[in-house]
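Below: one structure, written as structure tokens.
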Amino acid sequence: MRYHSTRNKSTTVSFREAVLQGLASDGGLFVPEHLPTLASDFMQRLPQLSIEEIGVEVLWPFVESDLSEEELRKMVAETFTFIIPVKRVNHNCYVLELFHGPTQAFKDVGARFMSRCLRRFVEPHKKITVLVATSGDTGGAVAHGFYGVENIDVVILYPNGGVSPYQEQQMAGLGKNITALAVNGTFDDCQALVKQAFTDIQLKNEFGLCSANSINLARLLPQMLYYFLGVQQLLNMNVINPVVSVPSGNLGNITAGVMAKQMGLQIDYFVVACNANDTFFKFLKTGIYQPKPSLKTLSNAMDVGSPSNIERLQHFFENNITTMTQTITACSISDTETLETIATTYQEDNYILDPHGAVALHGLKRNISKQQGLFLETAHPVKFQESIQQALVDFNPQQHIQARPFERKIIENDMDSLKQILDFS
């Protein structure tokens, strides 16, 4: 499989090159030349397959030029060392719990898979710097996924005051090869700094920059497996062709789901559940893409006003908004609706949602009638104690933050400040 930029099909690279480059030189995102098609009997075999068997069969066409089948199998096994269960919430809504990894967030899967790809692809004695922007959970997942990996430094940019205390502690309290920087700006500012750094060829080469956001293929591709695992478990519950609701910010997770569906996974359609940052919702409604400054909400990991992966979605639907709306619908959920959903779901179904899962469930209920639906719960409620306690006064999480002392490192929202940090990382 070869990969090209969303902005230019003329130049292609291998999977290894795409992972190491992170972002294409023209500022576009790497996409596969084509999406492979699942074997004709795959859906019949799916209920009995192991995660390693699913991972190898789904991902092998994307990586076969640079990994052996055994290497891929080992990477999948090392990535999925925790459960990803489906649970029934009410009569027609099921939840896919993606928070059972080491940082209790769905991004653990992509970060762990990517760290193993880079460990395999980095040349001996050559050092690289993983530069990543986060609106919440990516930072912790990347920090833990790469912690202590030889010859790889990690620099994480996050909006100062824009993540929860738990999220900040997870990425800023490690040390060693992990540097977390609180930027005086929004997530979109952090993401813009990362993109600017990657288009600076001299800077990129000097520090061996590599990205770990969902713009990187090694983060994106393994996220497809969520949907296969979800559909597999639903099949074993006699639920076929579900509607899937995805809490969405930078649109990486929904992009992975769309890829899985276009490969042949049986999903009816997707609900892109946004918070007040409704850029994609308005795009789907009007056909006009108008990025805007991000707004701060309770579901902070989705506080993205200029989602990068919209380029990939446009590519996979051939820039046809009509075709896209046949597969995707979208909605915007307020903080008030988020808190109401957390409260009512606990009262009626005895299930505790985090704010992101609450957005997804509210969006699912708004867009299904008699169909069976699956929504993604992307982070453990313990990571958002203040928000949960607004909805559930008696919320008393069983898990607590493992305290690690750290000093918050703050930088201004400009490239000179970032370059100074890179010089000392």
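Based only on the alpha carbon positions, what is the Kirkwood hydrodynamic radius of the stretch 1-108, in angstrom?
Numbers: mean 1/r = 0.0611 Å⁻¹.
Answer for the stretch 1-108: a Kirkwood hydrodynamic radius of 16.4 Å.
What are the ³J(HN,Hα) values, in whole Hz, obtained from phi via the Karplus relation 6.51 cos²θ - 1.76 cosθ + 1.60 with θ = phi - 60°, for each residue of the stretch 7-23 in sequence order, with x given for Gly and Pro?
With coefficients 6.51, -1.76 and 1.60, one gets 9, 7, 8, 6, 10, 10, 9, 7, 4, 4, 5, 5, 5, 5, 7, x, 10 Hz.
Return the sequence-ordered ³J(HN,Hα) values of the stretch 108-114 in whole Hz as given by the Karplus equation 6.51 cos²θ - 1.76 cosθ + 1.60 applied to θ = phi - 60°, using x for Gly and Pro.
4, 4, x, 5, 5, 5, 5
Only Lys, Arg, Asp and Glu count, each charged at its Cβ (+1, +1, -1, -1), so figure out the dipole size of the stretch 80-162 about its Cα centre, rounded to 20 debye.
For this selection, approximately 200 debye.
For the stretch 1-93, which trypsin sites (Lys or Arg not before Pro) are both in a DSSP coil and crowded by at most 13 other Cβ atoms within 10 Å?
In loop regions of the stretch 1-93 (DSSP not H, G, I, E or B), the sparsely surrounded trypsin sites (Lys or Arg not before Pro) are 7.
Starting from the Cα-Cα distance between residue 409 and residue 290, subtract it from 0.36 nm times their residue separation and give me the gain in nm to one decimal. Mind showing how you got there, number by number?
Details: separation 119, 0.36 × 119 = 42.84 nm, distance 3.24 nm.
Here the answer is 39.6 nm.
Which trypsin sites (Lys or Arg not before Pro) in the stretch 318-388 pass both tests, a DSSP loop state and at most 12 other beta-carbon atoms within 10 Å?
Filter output for the stretch 318-388: 370.
Evaluate E = 1/(1 + (r/R0)^6) for residue 282 and residue 125, where r is the Cβ-Cβ distance and R0 equals 51 Å; express this FRET efficiency to the nearest 0.05.
Numbers: r = 49 Å, r/R0 = 0.96.
Plugging the Cβ-Cβ distance into 1/(1 + (r/R0)^6) gives 0.55.
For the chain, what does the helix formula give at 222 nm: sum of -39500 (n - 2.57) over DSSP H segments with n ≥ 4, over the residue count, nearest 500 deg cm²/dmol?
-13000 deg cm²/dmol
Please check the chain for the longest run free of GluC sites (Glu not before Pro) that are loop-located per DSSP (anything but H, G, I, E, B) and have at most 15 other Cβ atoms within 10 Å.
In the chain, the maximal stretch lacking such sites is 151-317.
Report, to the nearest whole %, how much of the accessible area of the chain belongs to carbon and sulfur atoms, 1.4 Å probe, protein only.
Percent of accessible area from carbon and sulfur atoms in the chain: 46.
Placing unit charges on C-beta atoms (Lys and Arg positive, Asp and Glu negative, everything else neutral), compute the dipole magnitude of the stretch 1-95 about its Cα centre in debye, rounded to 20.
Using only the charged Cβ atoms, the result is roughly 460 debye.
With a cut-off of at most 14 other beta carbons within 10 Å, and DSSP calling the residue loop, which chymotrypsin sites (Phe, Trp or Tyr not before Pro) in the stretch 273-352 qualify? Please list them.
Answer in residue order: no site qualifies.
Lys and Arg at +1, Asp and Glu at -1: add these up for the other residues within a Cβ distance under 15 Å of residue 59 and post the number. Please list the in-between numbers first.
Numbers: positive: 16, 73, 74, 112, 116, 120, 219; negative: 52, 53, 57, 64, 66, 69, 70, 71, 78.
Net local charge, residue 59 excluded: -2.
Top to bottom by accessible area (1.4 Å), largest first, where do 144, 356, 125 land?
125, 144, 356
For a label point 7 angstrom out from the Cα of residue 53 toward its Cβ, which stretches of the stretch 76-110 have the backbone nitrogen within less than 18 Å?
Answer for this model: 76-78, 80, 84.
How would the stretch 53-198 be classified by its alpha-carbon gyration tensor: rounded, prolate or oblate, with rounded meaning a/c under 1.5 and the a/b versus b/c comparison settling the rest?
Oblate, because a/c is 1.5 or more while a/b does not exceed b/c.
Projected onto the charge dipole of the stretch 158-244 (+1 at Lys/Arg Cβ, -1 at Asp/Glu Cβ, origin at the Cα centre), which of 163, 223, 208 gives the Cα projection farthest towards the positive end?
Value computed over the given set: 223.
About the Cα centre of the chain, what is the dipole size in debye to 20, counting +1 per Lys and Arg Cβ and -1 per Asp and Glu Cβ, all else neutral?
Its charge dipole is roughly 300 debye.
Could you state the accessible area per residue of the chain in Å², with a 1.4 Å probe and every protein chain left in place? The partial results should precede the final answer.
Values: 16500 Å² over 425 residues.
Accessible surface, normalised per residue, equals 39 Å².
With θ set to phi - 60°, apply the Karplus curve 6.51 cos²θ - 1.76 cosθ + 1.60 along the stretch 93-107 and write out the HN-Hα couplings as whole Hz, x wherever there is a Gly or Pro.
10, 10, 10, 9, 8, 10, 10, 9, x, x, 10, 6, 8, 4, 6
The values are calculated or read from the model by the stated rules, or taken from the named source; none is laboratory data. This is a predicted model, so every value here is computed, not measured. Glycine gets a Cβ as well: all are built from the backbone with ideal geometry, and neighbour counts include every protein chain shown. Quick note on the areas: whole protein, heavy atoms, side chains included, nothing else; ligands and nucleic acids left out. Shrake-Rupley method; radii C 1.70, N 1.55, O 1.52, S 1.80 Å.
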